[in-house]
1. Conditions first: (1) farther than 20 Å from TYR88 by Cβ; (2) touching a residue at least 12 places away in the same chain (Cβ under 8 Å). LEU32 passes all but one, so which condition is the exception?
2. Across the stretch 22-53, what is the number of residues that are of a type in the set (A, V, I, L, M, F, W, C), open to solvent by less than 80 Å² (accessible area, probe 1.4 Å) and closer than 13 Å to ALA11 by Cα?
3. Is it fair to say ALA5 is modelled with pLDDT of 95 or more and either in contact with a Lys or Arg (Cβ under 9 Å, 6 or more places away or on another chain) or not hydroxyl-bearing (Ser, Thr, Tyr) (or both)?
Amino acid sequence: MTELAGMNDLAIEARGLVKHYRNVDAVNGLSLSVPRGAVYALVGRNGSGKTTTIRMLLDLARPDAGMARVLGMDSHAEHVTVMERVGYVSDRPL
């Protein structure tokens, strides 16, 4: 299996995601890989970075550092295509 094929087997890949808001480190160096077909949950207390992580994965919030890929696509460079393929419903309007 080539490295490229391995990336296509991932539904989500994040490396070193960082997001700061004022004096708060919302996400600090998050890396994760979720294979296609797997079911994962983001669980944590309010303010632990769950929503910020999802927003960075969908390029609704730009990371201060790191990279994110969804369905083998760069979340920022291929934002429109990612959003066409992913359903996202927020508890708050954007």
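The values are calculated or read from the model by the stated rules, or taken from the named source; none is laboratory data. Small disclaimer: the values here were computed from a predicted structure and weren't measured. Note that each Cβ is placed from the backbone with ideal geometry, even for glycine, and that neighbours are counted across all protein chains shown. These area figures cover heavy atoms from the full protein model, side chains too; ligands, DNA and RNA do not enter into them. Shrake-Rupley method; radii C 1.70, N 1.55, O 1.52, S 1.80 Å.
1. (1)
2. Summing the residues that are of a type in the set (A, V, I, L, M, F, W, C), open to solvent by less than 80 Å² (accessible area, probe 1.4 Å) and closer than 13 Å to ALA11 by Cα in the stretch 22-53 gives 3.
3. no
Residue-wise test of (1) without any contact (Cβ under 8 Å) to a residue 40 or more places away in the chain; (2) surrounded by 15 or more Cβ atoms within 10 Å (Cβ to Cβ).
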| position | (1), (2) |
| --- | --- |
| LEU58 | yes, yes |
| ALA65 | no, no |
| SER75 | yes, yes |
| HIS79 | yes, yes |
| GLY87 | yes, no |
